[in-house]
Amino acid sequence: MSWALFRQATRSQALWLATASGIALLSSPATAQQAEDSPTVPEAQSAPVLQTPDVVPTIGDAPVPARDDEVGFAADNLNYDSENEIVVAEGNVAMNRDAISMRADKVTWNRSTGQVFAEGNVAIRNPEGDTAYGDRIELTDSLRDGIVDNLLVVLDNGARLAAIKGTRFENGNIELENAAYTPCPVEDAEGCPKNPSWQIRAVRVTYDRGKNKVRYKGARVEIFGLPLIPLPGLSHPANSEAGSGILVPEIRLDRTNGFEIAIPYYLRLAPDRDITITPHVYTDAAPMLEGEFRALTDIGSFRINGYATYGTLVPLIGEDPDSRKRFRGYLESAGKFQFDPRWSFTFSGRIATDRTFMRRYDISRDDRLRSTFNLERIGGNSYLSIAGWATQTLRRNDEQGQQPIALPVIDYRQRFADPWLGGQFELQLNTLAIGRTAGQDTQRAFAGARWDLRGLTRMGQEVTLTALVRGDVYHSDENLLTAIPGYRGKSGWQARGIAAVAADMRWPFIGELAGGTQTLTPRVQIVATPPLKNLDIPNEDSRAFDLEDSNLFAINRFNGYDRFEDGARITYGVEWNYSRPGFNINSIVGQSYRLSDKPSLFPDGTGLTDRTSDIVGRTTIAYRDFLRFTHRFRLDKDNLAIRRNEFDATIGSRSTYAVIGYSRLNRDILLLGEDLQDREEVRVGGRVKVAQHWSMFGSAIVDLTKQADDPLSTADGFEPIRHRLGIAYDDDCLSIALTWRRDYADTGDARRGNSFSFRIAFRNLGF
């Protein structure tokens, strides 16, 4: 069995063996740290401990030999026994051969047998500059093969390898006995020794030079000094490349599927391609197979991920008349290719066999799956996009036949470098074709031009003048299949011309306040547009709308192109900003007034139904990295009742923090249109650090909607949706988390109830 524990390999993942000839690399080159950064590797069970030298050995400069078969050395004292042909060098002994340097307190060289013994604070450095330490080394006079007692190798990132004995053979193979490896720190901030978070212990570690493979016998992972995870058959490539094998399993328990264990197998197909196959085994459900393929090409990359099982399906509504088992699955893919500095292609695709598969297996809680592609060209002053997209709905009451398929969507924009009448001129061409399998089909094309001139007056006002013209052509059929009449438009061919002019003035006033700087900026905008045939045009991309600070001063406050706000209006507001080092407040409030009495296109509840709009605003407060608070509101123009009230806050540090969100929509309308239902919801989450590396975390979502807010809702004003609680351990080397989650709503065969998940991740291992 091969364990792919080094899937995302780095240099620190390699094991190293210091032989008497130097360091025999089991991986890519790295530079060892100095000995003062090399504390003791904690004692392995049934194995002595290799200690860092008490005195830091400094490798001196030995004479460079004239020939390859010579060894150059230097020492304080040199004795030669001519009768027995034994050379003994003592005191700062330095030896050099083939750019391999060694330092020791004493070196004994038997010229007749070719044996060399180095003793006392032994340090060896190879041509790459790596250094290893040992108590006693036995080697041949070629400085190529030998045995090391009490081996310690420290890598440049702090990872270290210890062994009782290391042997390098003539064929280049290496064997370590009673070895330990850890990338974790083994000393605390004060420099005192400590146990690493985790380490690998093995009875024997063998490096096969011919196969470039490292194999372990009797290997196990110790966490906090406890031998918890046995690793039978552990092996991995000797270099920084990923290797095929089993990854660490994932464990989960929930009410829907029971106990789950997922055992990924990683298969390296080539240096730029791999595949991961993951069987998911459940106690209360049929097994599921997951696969992921990844590839890197000369011009980009892509991935394909899929899930497949064969089991029963519970529908979203009612009982399934056919309870036979069927194929169920989910497929997704994404990628990007850069053909040259200007041309690129991106794509993503998502599709599921049914509406509850992803929730049942906790893959995603998205209620729509969108697939899209986009071919782009980005020039210095131009932009071209040729795109397409399709949507699969997973919502309870949505008909799939009503979901649009857009193909193609073409958008071209050209900005002219030379100013025209002192302003910037931009041309836009756009076309769109939308088809449905059981709904309205619409095609659109338009050409438009926009001119913007920005300037400053002598009194400091910032004035922006805008002129816009556009010509639209539409064709649609099967219009009666659209449920909402205001979205249908007229069948057949329709044309529309649009012209708009706007003047926008901002006048900032800056001054000091409480040790900081405040800026008060009144703003006024006037927009004029002739009457348009909006209702004759199908509405595909301008449906969901709500007046807020982000679109208050937009020339067209509809999102999309199919609706354009006509008539004349004046919009006014004020922005206030206060800042001092580490602290900032930004606030904006505004309102608009329509000069014409033509009925508004905006539906009730959006804040723009009458000539005078509701009052909208936003306030953002930020204090260093500790606090960020954002509040958005909309007030009724008549009685200042709160129609929209939202805030999001993040408070705390990275280790201890709270996230709070609240949303309240009170539109005060009788006829509920699409996406206009009243809602109230609170969201909380956070993490509390309870010890140096331990923390507790949790989150919850609660629906506060009452029947008075939404007559179609069955909520009672306090309906928990989902919450989770957990405990986690995190340091630079190890991450462990145990999470409990409870869902309060059934969705088809994704049943409400408890679920538990356990996650563990080791630095350098395949997670």
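Summary of values
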{"quantity": "Condition broken by F545, with the remaining ones in (1) open to solvent by less than 60 Å² (accessible area, probe 1.4 Å); (2) free of Cβ contacts under 8 Å to residues at least 12 places away in the same chain; (3) among the hydrophobic types (A, V, I, L, M, F, W, C) satisfied", "calculated": "(2)"}
{"quantity": "Those residues of the stretch 204-226 which are of a type in the set (A, V, I, L, M, F, W, C) and open to solvent by less than 70 Å² (accessible area, probe 1.4 Å), in sequence order", "calculated": "V205, V214, A219, V221, I223"}
{"quantity": "Residue within the stretch 356-371 that is open to solvent by less than 50 Å² (accessible area, probe 1.4 Å) and at pLDDT 95 or above present", "calculated": "yes"}
{"quantity": "Test set (1) without any contact (Cβ under 8 Å) to a residue 60 or more places away in the chain; (2) farther than 26 Å from A483 by Cβ; (3) open to solvent by 30 Å² or more (accessible area, probe 1.4 Å) - G335 fails condition number", "calculated": "(3)"}
{"quantity": "Every pair of residues 6+ apart whose Cβ atoms lie under 6 Å, when the first sits in the stretch 97-122 and is over 11 Å from V87 (Cβ atoms) and open to solvent by less than 20 Å² (accessible area, probe 1.4 Å) while the second is of a type in the set (S, T, Y) and not in a strand (DSSP E or B)", "calculated": "I100/S21"}
{"quantity": "Hits in the stretch 563-590 (condition: of a type in the set (S, T, N, Q) and either farther than 29 Å from A528 by Cβ or under 33 Å from the mean Cα position of the chain (by Cα) (or both))", "calculated": "N577, S579, N584, N586, S587"}
{"quantity": "Test: residue in the stretch 377-390 that is of a type in the set (K, R) and surrounded by 16 or more Cβ atoms within 10 Å (Cβ to Cβ)", "calculated": "no"}
{"quantity": "Strands (runs of 3 or more DSSP E) contained in the stretch 403-495 and holding at least 3 residues in contact with a Pro (Cβ under 8 Å, 6 or more places away or on another chain) and either of a type outside the set (A, V, I, L, M, F, W, C) or free of Cβ contacts under 8 Å to residues at least 24 places away in the same chain (or both)", "calculated": "462-477"}
{"quantity": "Selected residue [open to solvent by less than 60 Å² (accessible area, probe 1.4 Å), over 19 Å from A658 (Cα atoms), aliphatic (A, V, I, L, M) and at pLDDT 85 or above] from L738, L704", "calculated": "L704"}
{"quantity": "Tally of residues being in contact (Cβ under 8 Å) with a residue 40 or more places away in the chain and surrounded by 20 or more Cβ atoms within 10 Å (Cβ to Cβ) across the stretch 604-638", "calculated": "9"}
{"quantity": "Some residue of the stretch 241-255 being without any contact (Cβ under 8 Å) to a residue 40 or more places away in the chain, of a type in the set (S, T, N, Q) and surrounded by 18 or more Cβ atoms within 10 Å (Cβ to Cβ)", "calculated": "no"}
{"quantity": "The stretch 548-581, residues that are open to solvent by less than 40 Å² (accessible area, probe 1.4 Å) and in contact with a Phe, Trp or Tyr (Cβ under 7 Å, 6 or more places away or on another chain)", "calculated": "N556, F558, F564, E565, R569, T571"}
{"quantity": "Pair list, Cβ < 6 Å and 6+ apart or interchain, from the stretch 514-534 residues that are touching a residue at least 12 places away in the same chain (Cβ under 8 Å) to residues that are in a strand (DSSP E or B) and of a type in the set (D, E, K, R)", "calculated": "G515/R580; G516/R580; T521/R506; T521/E575; R523/R506; Q525/D504; V527/R569; K533/R496"}
{"quantity": "Answer from R454, R444, R470 - the residue that is within 23 Å of T529 (Cβ to Cβ), crowded, with 18+ Cβ neighbours inside 10 Å and more than 38 Å from the chain's Cα centre (by Cα)", "calculated": "R470"}
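The values are calculated or read from the model by the stated rules, or taken from the named source; none is laboratory data. Fair warning: this is a prediction, and the values are worked out from it, not measured in the lab. Methodologically, a virtual Cβ is constructed for each residue, glycine included, from the backbone with ideal geometry; neighbour enumeration extends over all protein chains shown. Heads up: the accessible areas ignore ligands, DNA and RNA and are worked out on the full protein's heavy atoms, side chains in. Shrake-Rupley method; radii C 1.70, N 1.55, O 1.52, S 1.80 Å.
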